[in-house]
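Visitor: Once you've had a glance at the structure underneath, I'll fire off some questions.
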Amino acid sequence: MTVLINSETRVVVQGITGREGSFHTKTMLNYGTKIVAGVTPGKGGSIVEGVPVYDSVKEALRRHPEIDTSIVFVPARYASEAVYEAIEAGLNLVVIITEGIPVHESMKFTRYAKLNNTVIVGPNCPGVISPGESKVGIMPGQVFSKGRVGIVSRSGTLTYEIAYAMTKAGIGQSTSIGIGGDPVLGTTFIDALEMFREDDGTDAVVLIGEIGGDMEERAARYIIEERYEKPVVAYIAGRTAPPGKRMGHAGAIISMGVGDAASKIKMLREAGVDVAELPSQIPGLLKKVLKK
Amino acid sequence: MKLYEYEARNLFREQGIPVPEFRVVSTAEEALKAAEEIGGRLVVKAQVLVAGRGKAGGVKLAENPEEAYRYAKQMLGSEIKGELVKKVLISKAVDIDRELYLSIIVDRSIGAPVILSSPEGGVDIEELARSKPEKILKIFVDPVVGIREYHAREAARFLDLDEQTLKKAQQIVIDLYKVFEKYSCELAEINPLALTPEGSLVAIDAKIILDDNALYKYPEFSGEYVRDLSYYEAEAKKMNFSYVELDGNIGILCNGAGLTMATMDSVYILGGKPANFLDIGGGARADLVERAVSLLLKHPRTEVLFINILGGITRCDEVARGIVEAIKKTGVAKKMVVRLKGTNEEEGRRILEENGIYVLEEMDEAARKAVQLGGAI
């Protein structure tokens, strides 16, 4: 089994006619993702990579009632509009790739999604991949391989680096969730840990965190309080980052005394999580915990 | 982006939050004129963005306009914690009975606005959170619903005021929230909110941090976006790269924030010292890579360039072309370690090797090489 997406997932691409949208529609189709429709307001009736385009999510859903998931490539200024549309249409999962959405907007739509039982992944994320089954995202599929370890990460390329190291070491992945680099996110580490806990296809979880906020600390508390059964190994990026500076991601900033790597690493270790010093050490740590 | 105090005060005043009468000036002569207009006891405040300006001599109480003039003259053109003082704020001094605290923040851990209220203002709120957490009340506001009267009432009541002043405090909470919403703030803070002997409430300091992602909605501020950045940070910003100045000699250039941070950390753990952090983002073409590499080639403290690329949407051949072009155009040769992996990796390696740049495949190996070339510190 996998979490969030599998070979049955039917996808609508919002912003399909844009440069990013059309390019990644092609790479997702090549991976085997079942993309059944695209949406760009005003471009209804056109075809992108063989996929029919509609003016609205509602219309796409009328023609393709099997759609359950959306991936959003709409530029930041209009992205919220697309997200509300997907939530209102009743989709189960909305993956937001777009970077640069104002946090006041993401606070509102993540809350609205919760009230409507829609899962949001992102914003500012690489998406979700269940290797060999489906890819709803922009990650290079070839670095991932099918297996039984879940990945949850705030980063894109760093996840590819670690997935590549795992794949080379013969450790495949059930699902890899890129939750995004923004300060406010639809899916948190705890949400992802809960999904992997319920999934009988996942034996262990790799958590890839970074400086900023207290999501890693909260995950550590959750692991202790809930007596999380599956082994978790982690890597935290930014341990040498200066305070007060944004390190690339909108959310990667040590501010008001919160968010440095040391406290995250300390709390995760207290929760029994093995924390790697270098990304390349993750496969070794996994082999150790999976043997037990 | 952090606003200057006078900008934040303007936003407060515009919303009806009481602030002391003030003027902003950039010369000592203007300061004297402003001080005479306001009259009486005055506070002279250096307009800088660094924290802790009070202790660094950036806030002075003047008994009369002449004294205010002297303080303004001292401050203007001086440096406070390394930041040049270009403007000072001349403000009417307020008699204070008690100092209170109010703020609205974006709380990342719950993804919602939170009102913070404390009867013990005037101190650093982080310090207060450590020493007396029970003196801070946090009120969650549902971002879909927004602030309600009962939120404001609860926040105001915690300030420990009499019935009449309570109503005023309640209105200030509502108005502060309106500023927070209207300008997409990450933080809107009044510290301290002064209670005067006459029972008035006055915001005698003002702090606002705007969300960089929302700046396009506020052209009045976005023009000065690069205000708190160094030259290299500002140059990188123009090209849409993330750049942070560090103090070592190894330049770090990668694609993606997480990988850039991990590369920086690896260099440090292996005994080297990064000079900077440069994230070119996803999908950069050769011309953009060229500009990024050129920036580091020209950076005086950067002796070794460590370029670590994991190609997904970024193509290794585009990166390689950009590197070669940058060296040709700048005419600067620095020691360079390049690691390429992923999309079009073979083509990228071929281009670099033809130009005498050797390419490594593994990140750790490349980091070790970069540290070795930089000389362990």
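Visitor: What are the residues in segment B:61-108 that are aliphatic (A, V, I, L, M) and more than 23 Å from the chain's Cα centre (by Cα), if any? Outline the logic, then answer.
Guide: Of segment B:61-108, the ones aliphatic (A, V, I, L, M) are B:61-62, B:68, B:72, B:75-76, B:80, B:84-85, B:88-90, B:93-94, B:96, B:100, B:102, B:104-106.
Result: B:61, B:62, B:68, B:72, B:90, B:93, B:94, B:96, B:100.
Visitor: Say whether the condition of being closer than 21 Å to residue B:15 by Cβ and surrounded by fewer than 19 Cβ atoms within 10 Å (Cβ to Cβ) is met by at least one residue in segment B:109-131.
Guide: Yes, segment B:109-131 contains a residue that is closer than 21 Å to residue B:15 by Cβ and surrounded by fewer than 19 Cβ atoms within 10 Å (Cβ to Cβ).
Visitor: Given the options B:111, B:121, name the one that is closer than 30 Å to residue B:35 by Cα, within 25 Å of the chain's Cα centre (by Cα) and of a type outside the set (A, V, I, L, M, F, W, C). Even if it seems obvious, please write down each step before you answer.
Guide: On the way: B:111 fails: closer than 30 Å to residue B:35 by Cα.
Just one listed residue meets the conditions, B:121.
Residues checked against (1) of a type in the set (Ser, Thr, Tyr); (2) surrounded by 23 or more Cβ atoms within 10 Å (Cβ to Cβ); (3) touching a residue at least 40 places away in the same chain (Cβ under 8 Å):
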residue	(1), (2), (3)
B:302	yes, yes, yes
B:323	no, yes, no
B:358	yes, no, no
B:364	no, no, yes
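Visitor: Among residues belonging to segment B:268-294 that are at the interface with chain A (Cβ under 8 Å from one of its Cβ atoms) and buried (at least 24 other Cβ atoms within 10 Å of the Cβ), point out the one that is nearest to residue B:317 (Cα to Cα).
Guide: Selected residue: B:279.
Visitor: So, of the residues in segment B:14-71 that are more than 27 Å from residue B:172 (Cβ to Cβ) and in contact (Cβ under 8 Å) with a residue 60 or more places away in the chain, which turns out to be surrounded by the fewest Cβ atoms within 10 Å (Cβ to Cβ)?
Guide: Here the answer is B:26.
Visitor: Then there's this: Need a quick list: helices (runs of 4 or more DSSP H) entirely within segment A:23-136 having at least 1 residues that are within 20 Å of residue A:6 (Cα to Cα), within 18 Å of the chain's Cα centre (by Cα) and of a type outside the set (A, V, I, L, M). Spell out the reasoning first.
Guide: Working: elements: A:57-63, A:76-88, A:103-115.
Helices (runs of 4 or more DSSP H) meeting the threshold: none at all.
Visitor: Also: Determine if segment A:204-223 includes at least one residue that is at the interface with chain B (Cβ under 9 Å from one of its Cβ atoms) and in contact with a His (Cβ under 8 Å, 6 or more places away or on another chain).
Guide: Yes, there is a match, as at least one residue in segment A:204-223 is at the interface with chain B (Cβ under 9 Å from one of its Cβ atoms) and in contact with a His (Cβ under 8 Å, 6 or more places away or on another chain).
Visitor: Also: Please go through segment A:203-254 and give me each residue that is in a helix (DSSP H, G or I) and in contact (Cβ under 8 Å) with a residue 60 or more places away in the chain, ordered by number.
Guide: Pass one, segment A:203-254, residues in a helix (DSSP H, G or I): A:215-225.
Within segment A:203-254, just A:215 meets the criteria.
Visitor: I'd like the residue in segment B:179-209 that is β-branched (Val, Ile, Thr) and surrounded by fewer than 19 Cβ atoms within 10 Å (Cβ to Cβ) and, out of all such residues, is farthest from residue B:22 (Cα to Cα). Give the derivation first.
Guide: To start, the set of residues in segment B:179-209 that are β-branched (Val, Ile, Thr) comprises B:179, B:190, B:196, B:202, B:204, B:208-209.
Next cut, surrounded by fewer than 19 Cβ atoms within 10 Å (Cβ to Cβ) only: B:196, B:209.
Details: B:196: 17, B:209: 21 Å.
Of everything passing the filter in segment B:179-209, B:209 is farthest from residue B:22 (Cα to Cα).
Visitor: Another one. Return yes when residue A:180 is buried (at least 24 other Cβ atoms within 10 Å of the Cβ) and assigned to a loop (DSSP other than H, G, I, E, B) and no when it is not. Walk me through how you get there before you give the answer.
Guide: Numbers: buried (at least 24 other Cβ atoms within 10 Å of the Cβ): yes; assigned to a loop (DSSP other than H, G, I, E, B): yes.
Judged against the criteria, residue A:180 is a match.
Visitor: Which of the residues that make up segment B:325-350 are part of a helix (DSSP H, G or I), of a type in the set (A, V, I, L, M, F, W, C) and surrounded by fewer than 22 Cβ atoms within 10 Å (Cβ to Cβ)? Give the steps one after another, and end with the answer.
Guide: Within segment B:325-350, the subset part of a helix (DSSP H, G or I) is B:325-330, B:345-350.
So of that shortlist, the ones also of a type in the set (A, V, I, L, M, F, W, C) come out as B:326-327.
B:327, the sole residue that qualifies.
Visitor: Could you list, in sequence order, all residues of segment A:176-203 that are more than 14 Å from chain B (Cβ to nearest Cβ) and among the hydroxyl-bearing types (Ser, Thr, Tyr)?
Guide: A:202
Computed from the coordinates by the stated procedures, all read-outs in this text should not be read as laboratory data. No experiment lies behind these values; they were computed from the predicted model shown. Every residue, glycine among them, receives a Cβ derived from its backbone with ideal geometry; neighbour counts consider all protein chains shown.
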